[in-house]
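Peer 1: Structure below; questions to follow.
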Amino acid sequence: MNNFKLVLFALLLVLFIVFIQFKKELFVLFEEGQGNFTTQVTGDDFPKTLTDVTGITYQLKQPPQRILSATLATDHILSDLIDPKRLVAVSSYVDYPSLSNIVGFYDKGISRTQGEIESMLALQPDLVFVASYSNPETVRYLLRSGIAIVRLSEFRSFNDIFNNINLVAEITNNQPQAKNVINRIQNQITHIQTQVKNLPKPRVLYYDMNGYSVGGNSLMDEAITLSGGINIAQGVLAEGEQKISEEVAISLQPDVIVMNQWVFNQNQDADSPAKILASKAAWKNVPAIRNNRVYAVPGTWLRSVSQHRIKGVEAIAKLLHPTINLQEMDQDVQ
């Protein structure tokens, strides 16, 4: 009898461990993390099937007409693809000058969302765009609601941006518009690469005043490379955006430093992050400081994960190589 109880206890313990592990893995599916969480789409024509990473599927019988964009990235992408009348809401961030490249584009009659599930459901959307970094609790409620959701998760390269644009276009039935946007960006990239191809490659450090830089496998790393520079933090830092100590940043001795110029201080020279950094005694012997090659570029260009990221590449390329000619260039860097 005692042996039977022991075996039963062991069995129950194993089942409990398996259950806990299953719950853990299921919960991870709803959390931001590494890996591809992007919604998969099947079907050349409507109806199309959307499959979330959780395995939940949705049927889109026709192109959605009541779209809710809960991310700034899809606010930007959709602005070049669809008639705004198809949107019931965009993210509240679209009106922030320090974050958005399209302030004023969307009519105030379109609702703004901060991700509150109650107000989102009240709008009765037939499709919601979210991202891997969206609030997990909100995503869980949306998944349970039966409303079709599309989740974007890859933002590390221009190829990721192109894939996201194509995905949004495929679901909204706006493929020709997506092709035009992508062709335009690819032409701009090719033009930049042609201009900088045979020029010296300065050693570049992207540096945020909060103490962050970027390693490889990131949009900023790619932007520096496309602009004809070398990201000197690649290999020093892990992939993506990472904390960097001031001592390590100084030891890298960059030829050029690129920083964020946020809108709130864009017209105040004394508050420019480039000037603040240049005034620090510890940095005085860094080549970029000595040669006055510390630049602040609008953060809306440097941080965008949409088609507007190309503005950041153009800005960096022009700063690294002032003699090149670009197709279009806004002179809004300091």
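Peer 1: Enumerate the calculated ³J(HN,Hα) couplings along the range 104-117 in order (Karplus 6.51 cos²θ - 1.76 cosθ + 1.60, θ = phi - 60°), each rounded to whole Hz, writing x wherever the residue is Gly or Pro.
Peer 2: x, 5, 8, 4, 5, x, 7, 4, 10, 10, 10, x, 6, 4
Peer 1: Here's another thing I want to ask about it. Between N159 and R290, how many nm apart are label points set 7 Å from Cα along the C-beta direction?
Peer 2: 3.9
Peer 1: Please list, in chain and number order, the residues 5+ apart from M209 or on another chain whose amide H is under 5 Å from its amide H, with Hs placed from the backbone.
Peer 2: Amide H neighbours of M209, under 5 Å, 5+ apart: N260.
Peer 1: Which of the residue pairs K201/K275; K284/K318; K108/K275; K280/K318; K108/K243 have a Cα-Cα distance greater than 29 Å in the structure shown?
Peer 2: With Cα atoms farther than 29 Å apart: K108/K275; K108/K243.
Peer 1: Accessible area, 1.4 Å probe, largest first: how do F105, F46 sort?
Peer 2: In descending accessible area the options line up as F105, F46.
Peer 1: For the range 165-202 and the range 48-125, what is the separation of their C-alpha centers, rounded to whole Å?
Peer 2: 23
Peer 1: Subtracting the Cα-Cα distance from 0.36 nm times the residue separation, let me have the gained length for S119 to D107 in nm, one decimal.
Peer 2: Working: separation 12, 0.36 × 12 = 4.32 nm, distance 1.86 nm.
Contour length minus the Cα-Cα distance gives 2.5 nm.
Peer 1: Same structure, new question: Would you grab the residues whose amide H sits under 5 Å from the one on T113? Only those 5+ places off in sequence or on another chain, please, with H modelled 1.01 Å from N.
Peer 2: Residues meeting the criterion, in which the H sits 1.01 Å from N, are V90, S91, S92.
Peer 1: What are the ³J(HN,Hα) couplings of the range 140-148, residue after residue, when phi is run through the Karplus curve with 6.51, -1.76, 1.60 and θ = phi - 60°? Round to Hz, x for glycine and proline.
Peer 2: 4, 5, 5, 4, 7, 6, x, 6, 5
Peer 1: Within the range 54-90, list the trypsin sites (Lys or Arg not before Pro) lying in a DSSP loop whose Cβ has at most 10 other Cβ atoms in a 10 Å radius. Working shown, then result.
Peer 2: Values: sites: K61, R66, K85, R86; in loops: K61, R66.
Those that pass, being in a loop and sparsely packed, are K61.
Peer 1: Scan around A131 for amide H atoms under 5 Å from its own, H built in the peptide plane at 1.01 Å from N, and keep only partners 5 or more places away or cross-chain.
Peer 2: Under 5 Å from the amide H of A131: L152.
Peer 1: In Å², what does the accessible area per residue of the range 166-309 work out to with a 1.4 Å probe?
Peer 2: Details: 6560 Å² over 144 residues.
With all protein chains present, the range 166-309 gives 46 Å² per residue.
Peer 1: Using a probe of 1.4 angstrom, how much of the accessible area of the range 37-151 is carbon and sulfur, in percent?
Peer 2: Details: 2560 of 5150 Å².
Exposed carbon and sulfur together represent 50 percent of the surface.
Peer 1: Using θ = phi - 60° and the Karplus form 6.51 cos²θ - 1.76 cosθ + 1.60, what ³J(HN,Hα) does each residue of the range 274-287 get, whole Hz, x for Gly and Pro?
Peer 2: Per residue, the Karplus-derived 3J(HN,Hα) values read 5, 6, 4, 5, 5, 7, 7, 4, 5, 9, 4, 9, 6, x Hz.
Peer 1: No solvent, one uniform scatterer per C-alpha: report log10 I(q)/I(0) for the range 44-188 via the Debye equation at q = 0.13, 0.16, 0.17, 0.21 1/Å, two decimals.
Peer 2: Here the Debye-derived log intensity ratios amount to -0.54, -0.85, -0.97, -1.52.
Peer 1: How long are the three semi-axes of the equivalent ellipsoid for the range 69-154, computed from the Cα gyration tensor as the root of 5 times each eigenvalue, in whole Å, largest first?
Peer 2: They are 20, 14, 12 Å, listed largest first.
Peer 1: For the range 114-198, which trypsin sites (Lys or Arg not before Pro) are in a loop by DSSP, counting at most 13 other Cβ atoms within 10 Å?
Peer 2: Those that pass, being in a loop and sparsely packed, are K197.
The values are calculated or read from the model by the stated rules, or taken from the named source; none is laboratory data. Everything numeric in this text was worked out from a predicted model, so none of it was measured. No Cβ is skipped: glycine too gets one built from the backbone with ideal geometry, and neighbour counts run over all protein chains shown. Note: areas computed on protein heavy atoms with side chains; ligands, DNA, RNA excluded. Shrake-Rupley method; radii C 1.70, N 1.55, O 1.52, S 1.80 Å.
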